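Computed from the coordinates by the stated procedures, all read-outs in this text should not be read as laboratory data. Given the structure is predicted, the values throughout are model-derived calculations rather than measurements. FYI the Cβ positions are ideal-geometry reconstructions off the backbone, even for glycines, and counts take in every protein chain you see.
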Amino acid sequence: MYAVISDRGRQLGVRVGDVVACDPSPGTEAGKELVFDQVLLLTHEGQVRVGTPTVKGASVRGEVLGAFRGKKEVVFRFKRRKNVRVKNGHRQDYVRVKITAIDA
C-alpha cells in the first residue's frame with residue numbers, strides 16, 4: 001500500500017514502516033500519534049484512487065519518534081557598492097514520524 005499525503009504544503013510519498021521528516025505542530029511530542037487526513041493518492045493491490053483534491057475517508061497514521069534540526073542554511077544578503085553585507089544562518093526544526101498504518 002502506498003499513499004501520497006500533504007503536510008503543510010509539502011507532498012510526501014509514504015508506505016507503512018517509512019520514517020519521514022515533517023514540520024512540527026503544537027503538541028507533537030515523542031510517542032504521540034499523528035494523523036494525516038489529507039491523502040492525495042492511494043494505491044492498494046494495483047488499484048489507484050486519486051483524490052479531487054483528497055481521497056474521501058482515507059487517512060495515514062504515524063508515531064512521533066522525536067525532534068531534530070535540519071542542516072544549517074547560510075543566508076547572505078549583499079548590495080554591491082553600498083557596503084551592505086549581512087550573513088545569517090538558519091536551521092529548520094523537524095519531527096521524525098514513523099508511518100504505522102494507512103487507512104483506506
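The value given for the chain is a Kirkwood hydrodynamic radius of 15.7 Å, derived from the mean inverse Cα-Cα separation.
Of the residues R77, R61, R49, which exhibits the maximal mean-square fluctuation in a Gaussian network model of the chain defined by a 10 Å Cα contact cut-off? Fluctuation is largest for R77. Could you pull out the GluC sites (Glu not before Pro) across region 6-104 that fall in loop regions by DSSP (anything but H, G, I, E, B) with no more than 12 other Cβ atoms inside 10 Å? Answer by residue number: E29, E45. The relative contact order of region 2-103 comes to 32 percent, based on Cα pairs under 8 Å that sit 6 or more residues apart. In sequence order, region 91-104 has phi-based couplings of 10, 7, 7, 9, 10, 7, 10, 9, 6, 9, 7, 10, 9, 8 Hz under the Karplus curve 6.51 cos²θ - 1.76 cosθ + 1.60, θ = phi - 60°, and Gly or Pro positions carry x.
At full extension, R69 and D37 could sit 9.0 nm farther apart than now, given 0.36 nm per residue minus the alpha carbon distance. Do you know the Lys pair count in region 2-103 for C-alpha distances under 20 Å, with sequence separation 8 or more or different chains? Step by step, the pairs that qualify in region 2-103 add up to 4.
Extending 7 Å from the Cα toward the beta-carbon at both E45 and V86 defines two label points whose distance is 5.8 nm.
Placing +1 on the Cβ of every Lys and Arg and -1 on the Cβ of every Asp and Glu, with nothing else charged, gives the chain a dipole about its Cα centre of roughly 1380 debye. Each residue of region 54-65 was assigned a 3J(HN,Hα) from its phi angle through the Karplus curve 6.51 cos²θ - 1.76 cosθ + 1.60 (θ = phi - 60°); the sequence is 10, 7, 5, x, 9, 8, 10, 10, x, 10, 6, 8 Hz, with glycine and proline shown as x. When the P(r) is computed for region 43-104, the part past 20 Å accounts for 61% of the Cα-Cα pairs.
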